[in-house]
Amino acid sequence: MIRRIVFHLPLCIFFFGAFAQEAPIRIQLLLPEFFETPFTGDRSLIEVPERPINQMKIRLVRSAERNLTTGAINVWVNGKAISNIFDSRNVADGTEMTMDPSTMGKRPDQLFDPRENAIEVMASDNRGRKYYQSWILRTTGGQNPYFAYQGQVSRDDPRGVPPDLLLTAPLAPPVLKPGQASARIIVKGTCSSTHPAVALKIGAQAVNITSPSQDFEQAVEIRRDSKELVIEAVDQKQNRRSIVIPVIVQGNSAPPPKSSGAKYALIVGISNYGDAKGAPPTLPQAAADAGSMARDLEAKGGFRKDNIRLLRDDQATRDSLRIGFSDFAAKAQANDLLVIYVAGRAMHDPQPGNNEKMYLAPFGTQMKAMDSTAISFLDLEMWLDQSVRCNHTFIIFDVGHEVEGDWKFPGPNLVNNHLLSLFNEQKGRAVLTSGSAGDIALNRPDGQSSFTYWLTRGLSGEADLNQDRIVTGDELFRFVEEKVREDSGGKQVPHYRLPTGDANQPLGESSPAK
């Protein structure tokens, strides 16, 4: 059963039932800023206005009957433990854990991602039985990765919704070439609002919006001294929505950026996991995708062949990956560049009671022995934390592939969210995943992964947005997100964490324009 409440600029929350537990328990999520009614673990889809998450409650119904204590309740957001920002108390029907701005102050780091968050709760009783529940909080609306979006709710309308702006043109930042003083572009889209008579401005030009949902089209001149084009909609209640389109101005003689150190790449592709009965199902294209990635890094990325380690199928055992993630990665020194690419499977432990555990599956993985045959995300994070020494590290995962039968996870697949949180956004550590929570990695008609296809096309020069013959980390990640989203019709949306210092790091090259 799906319960749906629709607003403009929605934040989606998917709720999946509890699983892998001996006795039923109801774990509820409450969002006091949005609704008074608690939501349980049935498969519900709720859409709420886009706002920061400042309050949250988690309630465990009949916790005393199940012998649950607050010390045995753990909460994670995107793989990070956040139990310390909840205050607990007993209520009439169980235990309630509350998060508010005062408790959030216990954490100096930014907990919530503006686009997507995976919330997990696990409780254990005094007999060792586990109760697990997960939710996905997702901002939707097909936002263009090249543009910046901001919504603001009016103080006079605290439950208001900012107007919804959807642009169909332009789809990329305009580029002014050397010697070009100005350019004329067409801005097209749709403006929707719960309060009509929206004041819409495109740059300095006003556009009249009178209906709740109205298309607009406006010609705008951008000049060489422009840094950005701002589109803003304000409704009668002063709720605001803006889109900022950067303007790229090419210099006349500035040399393209260059890497100051050596380049290293660890490339992993696993299609075949072995012939044992408990092995994961095969993944036909992964090994071939890894080969394509290695060739493109050498041909277009300036990586020396001796500095590329390619591990495919039976070469990618647990031990060889441990050596690769530890010893090989440690070769890259402070000013070097390290790229790690993994095409294969990552999954929740399919064994009942262990579903909160997540693993990267090497060759030889066995379903009933995941701890000893697969690589736990905790081990992966530890290996990388201990060995990565360079200031520019890019880790790319194409691992969110569908599984069936005994391997199928009954809830939303959260591996991408956990992988995205590697290094906890440390400086110089960038992570790109092929999808978001619950997304299934899709293939193109020729069988190649859509993600790897656009990744290699971007490295080959198509991501060179400002046409300076260098593909930077920022250009590549934004290009891949937009192209895969378009290729899949929005069913697969890559996500990334890119520290500011890595945005201009060169990753590939393009041929000079003729």
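Here MET382 passes the criteria (1) within 30 Å of GLY261 (Cα to Cα); (2) modelled with pLDDT of 85 or more; (3) crowded, with 18+ Cβ neighbours inside 10 Å except the one numbered (3). In region 169-191, the residues that are farther than 16 Å from TYR146 by Cβ never reach a residue that is in a loop (DSSP other than H, G, I, E, B) and aromatic (Phe, Trp, Tyr) with C-beta atoms less than 7 angstrom apart, at least six apart or across chains. Every listed requirement among (1) assigned to a loop (DSSP other than H, G, I, E, B); (2) out of contact with any Phe, Trp or Tyr (no Cβ under 7 Å at 6 or more places or on another chain); (3) over 19 Å from ASN355 (Cβ atoms) is met by ASP439 save one, (3).
Take the residues in region 295-325 that are among the small types (Gly, Ala, Ser) and at pLDDT 95 or above, then tell me which one is surrounded by the most Cβ atoms within 10 Å (Cβ to Cβ). So, considering only residues that are among the small types (Gly, Ala, Ser) and at pLDDT 95 or above, the one surrounded by the most Cβ atoms within 10 Å (Cβ to Cβ) is ALA316. Just to be sure before I move on: is GLY128 in the same structural domain as ARG224 (by TED's automatic domain parsing) and of a type in the set (Gly, Ala, Ser) in the structure I sent? It is false that GLY128 is in the same structural domain as ARG224 (by TED's automatic domain parsing) and of a type in the set (Gly, Ala, Ser). Say we look at region 60-102 and pick out the residues that are of a type in the set (Ser, Thr, Tyr) and touching a strand residue (DSSP E or B) at 6+ places or on another chain (Cβ under 6 Å); which of these is modelled with the lowest pLDDT? Among residues in region 60-102 that are of a type in the set (Ser, Thr, Tyr) and touching a strand residue (DSSP E or B) at 6+ places or on another chain (Cβ under 6 Å), the one modelled with the lowest pLDDT is THR70. Scoring GLN55 on the criteria (1) of a type in the set (S, T, N, Q); (2) in contact with a Leu (Cβ under 8 Å, 6 or more places away or on another chain); (3) modelled with pLDDT under 80 leaves a single failure, condition (3). Scanning region 329-348 for residues being crowded, with 21+ Cβ neighbours inside 10 Å and either touching an Asp or Glu at 6+ places or on another chain (Cβ under 6 Å) or not in a strand (DSSP E or B) (or both) gives a total of 4. Would you check if GLY501 is part of a loop (DSSP other than H, G, I, E, B), modelled with pLDDT under 90 and small (Gly, Ala, Ser)? No, not satisfied.
For the residues ASN74, ASN78, the requirement of being surrounded by 19 or more Cβ atoms within 10 Å (Cβ to Cβ) and of a type in the set (S, T, N, Q) singles out ASN78. Scanning region 116-150 for residues that are within 20 Å of ASN354 (Cβ to Cβ), of a type in the set (Gly, Ala, Ser) and in a loop (DSSP other than H, G, I, E, B) yields a single hit, GLY128. Scanning region 97-106 for residues that are out of contact with any helix residue (DSSP H, G or I) (no Cβ under 8 Å at 6 or more places or on another chain) and free of Cβ contacts under 8 Å to residues at least 40 places away in the same chain, we see that the one that is nearest to THR40 (Cα to Cα) is SER102. Here the condition is being in a loop (DSSP other than H, G, I, E, B), in contact with a Lys or Arg (Cβ under 6 Å, 6 or more places away or on another chain) and either touching a residue at least 40 places away in the same chain (Cβ under 8 Å) or under 30 Å from GLN236 (Cα atoms) (or both); of ASP113, ASP109, ASP157, it holds for ASP157 alone. The condition (being within 23 Å of the chain's Cα centre (by Cα) and surrounded by fewer than 14 Cβ atoms within 10 Å (Cβ to Cβ)) is satisfied by just one residue among LEU165, LEU171, LEU137: LEU171.
The values are calculated or read from the model by the stated rules, or taken from the named source; none is laboratory data. These figures come from a predicted structure and were not determined experimentally. Using ideal geometry, Cβ is built from the backbone for each residue, glycine included, and neighbour counts are taken over all protein chains shown.
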